[in-house]
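Enquirer: Would you mind keeping the following structure in view while I ask a few things?
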């Protein structure tokens, strides 16, 4: 088999063919940072960006990379423009909220549970299942999509119906609208737990941008830049989201945390970490199929082999980092639980219960029942069930096997071939 993007949705193809009408006229214009800043101020009704402007350089780098390299079709240009504007609006709203309530900065993020590891190794499902434990909470897509003002609970601690939820649902569902095959790869919805780079998006230091849009120069810069501003802003978003809520333990998630473990543990020194592991070639096969689908929804074409090499370089560095962290003791046996993909697929309820025991998290007799009920809704997407093949990657499989032999031996990871 070989990767096939499939037919574009009719509405997308109509727009590409010039039949979208005046709604796309602005999308055809070049992205200009100063104009984007001005429009965001008008949309938010705010103009105070605060004193820190470290986000301007990555914004300019991203915009330059989009214009020079991304090759977006007209709908992709419309989409990236809206993503940038929403991130800028959120910066304005968050700064305004903290100015009105400086006590947000005193909120403490205590003993979070952080899921990381290989993408396509069960991290998303693990994130969702750990958030079923009593007294835990995962950030939902709508909360990262528009964090300020903070969600307000009712007397029982349940978030009051918020008009942002249906708005966010329509927006996050656009990934599937741009390419319907995405639904079989990843669950999308406003009330679905969201990865932490979605909060870092407001700093323009986020692999969300690099994953959705072919921007190699921005991606190369992102791999080498100082990520502290992104992680500090992520903490600020969590402080804001929990400001009016009852005390609960955060369950957080991002495969990209592997690349920044010292920084992550500096900001969250009492974090409890779950690392999901999978055969690196099977992981690259799955994640390349997913990111190719994401990019096909925005770009005129996708170079599948180049994307596979890009993913191999990025996630290979991440696997090297976690191996070094375990060997050096940066991640101790008490602080981390390593989970193999095959073990997790075989017994998800048992693995979650084991993690809860290891970290002393509360669990109850109905946990297995809640997990079974949760997994019963959309089994294909929740198991990463979509067609992909190592043979499509254009990589030297034997060389890559040798490259990851140490990692696979250390974590006892079986080959999926």
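Enquirer: Quick check: residue separation of residue 82 and residue 99 times 0.36 nm, minus the Cα distance between them. What number comes out in nm?
Expert: Value of the extension gain: 3.6 nm.
Enquirer: So which residue, out of 202, 224, 312, gets the largest mean-square fluctuation from a GNM of the chain using Cα contacts under 10 Å as springs?
Expert: Among 202, 224, 312, the largest GNM mean-square fluctuation belongs to 224.
Enquirer: What's the extension gain from residue 69 to residue 23 if we count 0.36 nm per residue and subtract their Cα-Cα distance?
Expert: The residue 69-residue 23 span can extend by a further 14.2 nm.
Enquirer: In nm, give the distance between the simple-model label positions of residue 402 and residue 161, each being 7 Å from the Cα along the Cα-to-Cβ direction.
Expert: 6.3 nm
Enquirer: With equal scatterers on the alpha carbons only and no solvent term, can you work out the Debye log10 of I(q)/I(0) for the chain at 0.10, 0.12, 0.13 1/Å?
Expert: Each listed q maps to, in turn, -0.68, -1.02, -1.22.
Enquirer: Only counting other Cβ atoms within 10 Å, I'd like 343, 57, 19 sorted with the fewest neighbours first.
Expert: Starting with the residue having the fewest Cβ neighbours, the order is 19, 57, 343.
Enquirer: Taking neighbour Cβ counts within 10 Å as the exposure measure, how do 276, 225 sort from fewest upward?
Expert: In increasing order of surrounding Cβ atoms, one gets 225, 276.
Enquirer: Describe numerically, in nm with one decimal, the distance between label points set 7 Å from Cα along Cα→Cβ at residue 389 and at residue 357.
Expert: If labels sit at residue 389 and residue 357, their model points lie 4.2 nm apart.
Enquirer: If you don't mind, another one. Looking only at region 17-411, where both bridge partners belong to it, what percent of the DSSP beta bridges are antiparallel (to the nearest 5)?
Expert: If we restrict to bridges inside region 17-411, about 15 percent are antiparallel.
Enquirer: As an exercise, use a Förster radius of 22 Å and the Cβ-Cβ distance of residue 346 and residue 266 to find the FRET efficiency, rounded to the nearest 0.05.
Expert: The value I calculate is 0.05.
Enquirer: Taking the Cβ-Cβ separation of residue 409 and residue 328 as r and a Förster radius of 25 Å, what is the calculated FRET efficiency to the nearest 0.05?
Expert: 0.90
Enquirer: Any idea how far apart residue 154 and residue 226 come out in nm if each label point goes 7 Å out from Cα toward Cβ?
Expert: Reported label-point gap for residue 154 and residue 226 is 4.7 nm.
Enquirer: Would you compute, from DSSP H runs of 4+ residues alone, the mean residue ellipticity of the chain at 222 nm, taking -39500 (n - 2.57) per run and dividing by the full residue count, rounded to the nearest 500?
Expert: Mean residue ellipticity at 222 nm (helix-derived): -15000 deg cm²/dmol.
Enquirer: Still on this structure, I have one more. Quick one: if the Förster radius is 41 Å, what FRET efficiency do residue 2 and residue 191 give, using the C-beta to C-beta distance and rounding to 0.05?
Expert: 0.70
Enquirer: Would you mind putting 285-291, 70-76, 251-257 in packing order, based on average other-beta-carbon counts within 10 Å, highest first?
Expert: 251-257, 285-291, 70-76
Enquirer: To make sure I understand, if each residue's beta carbon is the centre and we count other beta carbons within 10 Å, what order do 60, 77 fall in, fewest to most?
Expert: The order, fewest Cβ neighbours first, is 60, 77.
Every read-out reported here was derived from the displayed coordinates using simple, explicitly stated rules and does not represent laboratory data. What you are looking at is a predicted structure, and each value in this text was computed from that prediction instead of being measured. Cβ sites come from the backbone with ideal geometry, for glycine too, and all protein chains shown count toward neighbours.
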